[in-house]
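Student: Handing you a structure now.
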Amino acid sequence: MAWLATRGYLLCTTFCLLTVLFYLRAIAQKRYSFAALLCFALATCTKGIGMMLPPVLLLIDWFPLRRIISPQTAFRCAIEKTPFFALSLLTGTTAFLAKQTHGGMAPIEQYGLVERFGQAVYGIWFYLLKTVSPRHLLPLYEKHPECWQVLFSMVLLTVVLIFLFLFRHRLFPIIGTFGTFLILIFPMLGITQSGVQLYADRFTYFAAVSVSVLFSSGLSRVRVLRRTVYLAVSVFICIFALQTGTYAFVWGDEGRLWSRTVMEDDASAIGHNELGLVFLDQAEYEEALVHFQRANQLNPRSAMVLHNAALALAGFKRYHAALEKWDEAASLTRSVKETCKIMLARGWACEQMGDSVHAEQIYDDLIELAGADPMLCAKALQLRAVLKIKDGRIGSALPDLQRILDLPVSSEKKEKVSSVLRELKKIPEAEASGIF
């Protein structure tokens, strides 16, 4: 696993599997009921996706345990799992409110019910296909499914459901697997869409377990050509192991990761923007600008893409063109933090052009901006203090440096600023302009 952010899915999957294990033992031996509930509580604490396990336990009651054979037995099994459903409801409600409170969930006005439905229907087959054939994997998927893809997915889903219903007495294992997969992947289908990605490979970590169980169960029952089948499976495992190593190598470096992303999906605005940032860090401004321009074509409403393009232009010392980009970015952004980034960069560009008066005015506006990011505010105070010291106004610069110490900056930065303050207090104001 190359992405640390996904460890929550794996921890949740571990505790959910333990829950199932203890649940099966509780049914067989009339013990371990509390252990199952405890593991489920731990699963819901590590990741909200764990809340979908109680319906899966009911599916297990139906098949393979065959405890549900009538509406009465179904009701009894459901009542039996009241503690599980209570924890699930608590987790789901908390997760929903957290997303809504912190703005993680896309509003209906921005992303309508029709779009969510289309994403969900297409997502079922997207995740199934990626599970059985993990090819062309990307760090994120931005492209919305086309109309024909949604219609085809709806028709295919309808045909599959009808087929499973008609042959329900013979296809218990497949129905159980498909139902479990749908239940576990349901929260990830976009009904409560959040973030920029429509789909993500990591969302299948938990749901894919059901497919693995079906496959391994079928494999254990092979009687004809047993050696041939096992040899074929071994070859596939080797191929997937090699593919895993390849993806781990790609994900181990930002340049390789985003190069692979834009190669697989040239319409990825985020991919082009991130690759541009890689080139920007390497001072390859021409390559960076090409990717920022492509990202801007794909997403012309992104203020940060324009901000990054301006930084690339500034690398060429084309400051006037960069300032125009920053002005355009400032007109698009609705984020205070993004506004602070743009203002800080504009002030720096004015400094490079020799316009220290305008630069200081920009820093003044940033520092006084309501809700300004503390780290960016500290940087603006530092740059304004440097301008004042260069101009011989050491007495005016000292309060700026002192204000940095009152902000939540790193201890290393505080130590450095304190050292500068001590040195400045020893220098006569008339000599201050010469220390930089």
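The values are calculated or read from the model by the stated rules, or taken from the named source; none is laboratory data. Keep in mind it's a predicted model, so treat the numbers as computed, not measured. Here the Cβ positions follow ideal geometry from the backbone for every residue, glycine too, while neighbour counts run over all protein chains shown.
Here is a yes/no grid of residues against (1) in contact (Cβ under 8 Å) with a residue 40 or more places away in the chain; (2) farther than 30 Å from T244 by Cα; (3) not in a helix (DSSP H, G or I):
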| site | (1), (2), (3) |
| --- | --- |
| A35 | no, yes, no |
| L42 | no, no, no |
| G50 | yes, no, no |
| P64 | yes, yes, yes |
| R67 | yes, yes, yes |
| A74 | no, yes, no |
| A86 | no, yes, no |
| G92 | yes, yes, no |
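Student: Turning to a different aspect of this structure: If I go through the range 274-295 residue by residue, how many of them are touching a helix residue (DSSP H, G or I) at 6+ places or on another chain (Cβ under 7 Å) and not in a helix (DSSP H, G or I)?
Tutor: Here is the first cut: in the range 274-295, the ones touching a helix residue (DSSP H, G or I) at 6+ places or on another chain (Cβ under 7 Å) are 274-280, 283, 285, 287-289, 291-295.
Restricting the remaining residues to those that are not in a helix (DSSP H, G or I) gives 283.
Looking only at that region, the number is 1.
Student: Hey, another quick one. Answer with yes or no whether V132 is loosely packed, with under 11 Cβ neighbours inside 10 Å and in contact (Cβ under 8 Å) with a residue 40 or more places away in the chain.
Tutor: Yes; evaluated as a whole, the condition is true for this residue.
Student: Let me ask something else about it. Suppose we filter D373, D364 for residues that are surrounded by 18 or more Cβ atoms within 10 Å (Cβ to Cβ) and among the acidic types (D, E); which single one remains? Give the steps one after another, and end with the answer.
Tutor: Numbers: D364 fails: surrounded by 18 or more Cβ atoms within 10 Å (Cβ to Cβ).
Only one candidate passes the filter, namely D373.
Student: Counting residues that are surrounded by fewer than 19 Cβ atoms within 10 Å (Cβ to Cβ) and of a type in the set (S, T, Y), which helices (runs of 4 or more DSSP H) fully inside the range 159-273 reach at least 1?
Tutor: Details: elements: 172-185, 204-220, 226-251, 254-264.
Fully inside the range 159-273 and qualifying: 204-220, 226-251, 254-264.
Student: Ok, one more. Of the residues E274, E287, E254, which is outside the structural domain of M375 (by TED's automatic domain parsing), modelled with pLDDT of 95 or more and under 19 Å from the mean Cα position of the chain (by Cα)? Spell out how you get there, then give the answer.
Tutor: Values: E287 fails: under 19 Å from the mean Cα position of the chain (by Cα); E254 fails: modelled with pLDDT of 95 or more.
From the options E274, E287, E254, the qualifying one is E274.
Student: Ok, one more. How many residues, within the range 114-156, are among the aliphatic types (A, V, I, L, M) and more than 27 Å from W251 (Cα to Cα)? Let's see the steps before the verdict.
Tutor: The initial filter retains those residues of the range 114-156 that are among the aliphatic types (A, V, I, L, M), namely 114, 120-121, 124, 128-129, 132, 137-138, 140, 150-151, 154-156.
Subset that is more than 27 Å from W251 (Cα to Cα): 114, 120-121, 150-151, 154-156.
Matching residues across the range 114-156 total 8.
Student: Right, something else. Do we have G118 as touching a Pro at 6+ places or on another chain (Cβ under 7 Å) and either of a type in the set (V, I, T) or not in a loop (DSSP other than H, G, I, E, B) (or both) here? Give the derivation first.
Tutor: Working: touching a Pro at 6+ places or on another chain (Cβ under 7 Å): yes; either of a type in the set (V, I, T) or not in a loop (DSSP other than H, G, I, E, B) (or both): yes.
So G118 passes the test.
Student: Return a yes/no flag: does the range 215-227 have any residue that is among the hydrophobic types (A, V, I, L, M, F, W, C) and in contact with a Leu (Cβ under 8 Å, 6 or more places away or on another chain).
Tutor: Keep residues of the range 215-227 that are among the hydrophobic types (A, V, I, L, M, F, W, C), which gives 215, 219, 222, 224-225.
Add one more test, that the residue is in contact with a Leu (Cβ under 8 Å, 6 or more places away or on another chain), and what stays is none.
The answer is no, given that none of the residues of the range 215-227 is among the hydrophobic types (A, V, I, L, M, F, W, C) and in contact with a Leu (Cβ under 8 Å, 6 or more places away or on another chain).
Student: Taking the range 248-259 on its own, how many of its residues are farther than 17 Å from K143 by Cα and either touching a residue at least 12 places away in the same chain (Cβ under 8 Å) or among the small types (G, A, S) (or both)?
Tutor: Looking only at the range 248-259, we keep the residues that are farther than 17 Å from K143 by Cα, and these are 248-257, 259.
So of that shortlist, the ones also either touching a residue at least 12 places away in the same chain (Cβ under 8 Å) or among the small types (G, A, S) (or both) come out as 248, 251-252, 254-255, 257, 259.
Count: 7.
Student: Can I ask one more? Could you tell me how many of the residues in the range 136-148 are surrounded by fewer than 16 Cβ atoms within 10 Å (Cβ to Cβ) and without any contact (Cβ under 8 Å) to a residue 60 or more places away in the chain?
Tutor: Going through the range 136-148 one residue at a time, the tally reaches 4.
Student: As an exercise: evaluate R221 against (1) touching a residue at least 40 places away in the same chain (Cβ under 8 Å); (2) among the charged types (D, E, K, R); (3) within 30 Å of I175 (Cβ to Cβ) and give the number of the one condition it does not meet.
Tutor: Tallying (1) touching a residue at least 40 places away in the same chain (Cβ under 8 Å); (2) among the charged types (D, E, K, R); (3) within 30 Å of I175 (Cβ to Cβ), R221 fails exactly one: (1).
Student: Which of (1) surrounded by fewer than 20 Cβ atoms within 10 Å (Cβ to Cβ); (2) modelled with pLDDT of 85 or more; (3) touching a Leu at 6+ places or on another chain (Cβ under 9 Å) is the odd one out, the single condition E415 does not satisfy?
Tutor: So the condition that E415 fails would be (3).
Student: Does I367 satisfy the criteria of being outside the structural domain of L311 (by TED's automatic domain parsing) and under 22 Å from R301 (Cβ atoms)?
Tutor: Values: outside the structural domain of L311 (by TED's automatic domain parsing): yes; under 22 Å from R301 (Cβ atoms): no.
Taking the combined requirement at face value, the residue does not satisfy it.
Student: Here's a follow-up. Condition test on A106, is it aliphatic (A, V, I, L, M) and touching a strand residue (DSSP E or B) at 6+ places or on another chain (Cβ under 7 Å)?
Tutor: Spelling it out, A106 is indeed aliphatic (A, V, I, L, M) and touching a strand residue (DSSP E or B) at 6+ places or on another chain (Cβ under 7 Å).
Student: Still on this model: Scan the range 260-279 residue by residue and report those that are free of Cβ contacts under 8 Å to residues at least 60 places away in the same chain and under 15 Å from A309 (Cβ atoms).
Tutor: Within the range 260-279, H272, N273, E274, L275, G276, L277, V278, F279 qualify.
Student: Which ones in the range 296-324 are buried (at least 18 other Cβ atoms within 10 Å of the Cβ), assigned to a helix (DSSP H, G or I), under 24 Å from the mean Cα position of the chain (by Cα) and not aliphatic (A, V, I, L, M)?
Tutor: Listed by number, the residues that qualify are N296, H307, N308.
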